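Chemist: My structure is below; once you've seen it, I'll send some questions.
The values are calculated or read from the model by the stated rules, or taken from the named source; none is laboratory data. As the structure is a prediction and not an experimental result, all values here were calculated from the model. In this analysis, Cβ positions are derived from the backbone assuming ideal geometry, glycine residues included, and neighbour counts consider all displayed protein chains. These area figures cover heavy atoms from the full protein model, side chains too; ligands, DNA and RNA do not enter into them. Shrake-Rupley method; radii C 1.70, N 1.55, O 1.52, S 1.80 Å.
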Amino acid sequence: MTAAIDARGLGKRYQGRWALQECTMSIPAGHVVGLVGPNGAGKSTLLNLAVGLLAPTGGTVRVFGGPPGASRARIGFVAQDAPLYAGLSVADHLTLGARLNPAWDPAYAAGRVRRLGLDLRRRAGRLSGGQRAQLALTLALAKRPDLLVLDEPVASLDPLARREFLDDLAGAVAARATSVVLSSHLVTDLERICDHLIVLGAGRVQLAGRIADLLATRRDGTTLEDLVLTTLRRVRPAETETIA
Ligand SMILES: Nc1ncnc2c1ncn2[C@@H]1O[C@H](COP(=O)(O)OP(=O)(O)OP(=O)(O)O)[C@@H](O)[C@H]1O
């Protein structure tokens, strides 16, 4: 089966400094992949490369077998800062979503906004951080993409909203076999929804694979959090310093 994202020796350098190096990994279609790593590990860089918003300095990345730009209509991306048009209302964003996305699901978008209690007339610039994130996530989900790429989607959500969002995501995966890559520092959230894990540290892939397989190689009782922490502690101090 064609991978949702396939990276070979992928790297990105900013002003002479590598943010991501030698990243080789394959994200199988129809799975939910958690991306974890300390601040500055290269998670956003990897996600932006995967959706074609950044050009690699080295290596290649392919999405559903082609260049990321060719799959733009099939990708729902929510960047870390949940970018919206500050001067446009919630309703305007839904209208725009419907115009721009061929597979847009208007009933889902309207229903989710209603469920969240977002005022359709309110401008995005007047929403709280969590509400903005919810609107951006609604737009990405209503696009009915084949691949969802979410950069720290739950960071600004309250605990109940976080749980409901993860349930929505699980629903989308179950209903349409959507592939999902989401970065988060909240490993317990990832544990609820992800079946694959990628740990980035110091700009390199430190661990990647199916969570069940990764845990099977550890002693009984090892949690995903144990696995992540053990992996990150092994990242050489010299490399950790370069990301400080
Ligand atoms: N536009 C940029 N110009 C220069 N350096 C950058 C740029 N964007 C990111 N970097 C650097 O690249 C490295 C990786 O950054 P990135 O944002 O990918 O990390 P991250 O894992 O997403 O971090 P966080 O968890 O804090 O969001 C960091 O050292 C960062 O300072």
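Chemist: Figure the gain on full extension for Asp195 and Arg218 (residue separation times 0.36 nm, minus the Cα-Cα span) and round it to one decimal in nm. Mind dumping the intermediate values first?
Modeler: Details: separation 23, 0.36 × 23 = 8.28 nm, distance 1.65 nm.
Once the chain is fully extended between Asp195 and Arg218, it gains 6.6 nm.
Chemist: For the range 168-232, how big is Rg over Rh, using alpha carbon atoms and the Kirkwood form of Rh?
Modeler: Answer for the range 168-232: 0.98.
Chemist: Place a +1 charge on the Cβ of each Lys and Arg in the range 18-100 and a -1 charge on the Cβ of each Asp and Glu, then give the dipole magnitude about the Cα centre in debye, rounded to the nearest 20.
Modeler: I would put it at about 220 debye.
Chemist: Which sequence of Glu191, Glu22 reflects their accessible areas, 1.4 Å probe, from the largest down?
Modeler: Descending accessible area places them as Glu22, Glu191.
Chemist: In debye, nearest 20: dipole of the chain around its Cα centre with unit charges on the Cβ of K, R (+) and D, E (-)?
Modeler: With only Lys, Arg, Asp and Glu charged at Cβ, the dipole is about 580 debye.
Chemist: Let me ask something else. Farthest toward the dipole's positive end in the chain, which of Ala216, Thr45, Gln15, given Cβ charges of +1 (Lys, Arg) and -1 (Asp, Glu) about the Cα centre?
Modeler: In the chain, that residue is Gln15.
Chemist: If ligands, DNA and RNA are left out, what is the accessible area of Thr57 with a 1.4 Å probe, given in Å² to the nearest 10?
Modeler: Result for Thr57: roughly 60 Å² accessible.
Chemist: If I model a spin label as a point 7 Å beyond the Cα along the Cα-Cβ vector, how far apart are those points for Arg163 and Leu96 in nm?
Modeler: 3.3
Chemist: Please work out the Cα convex hull volume for the chain and give it in Å³ per residue.
Modeler: Roughly 130 Å³ of hull volume per residue.
Chemist: Leaving ligands, DNA and RNA out of it, work out the accessible area of Arg144 with a 1.4 Å probe and give it in Å² to the nearest 10.
Modeler: It works out to around 50 Å².
Chemist: With a 1.4 Å probe and all protein chains in place, put Trp104, Trp18 in order of accessible area, largest first.
Modeler: Largest accessible area first, the residues go Trp18, Trp104.
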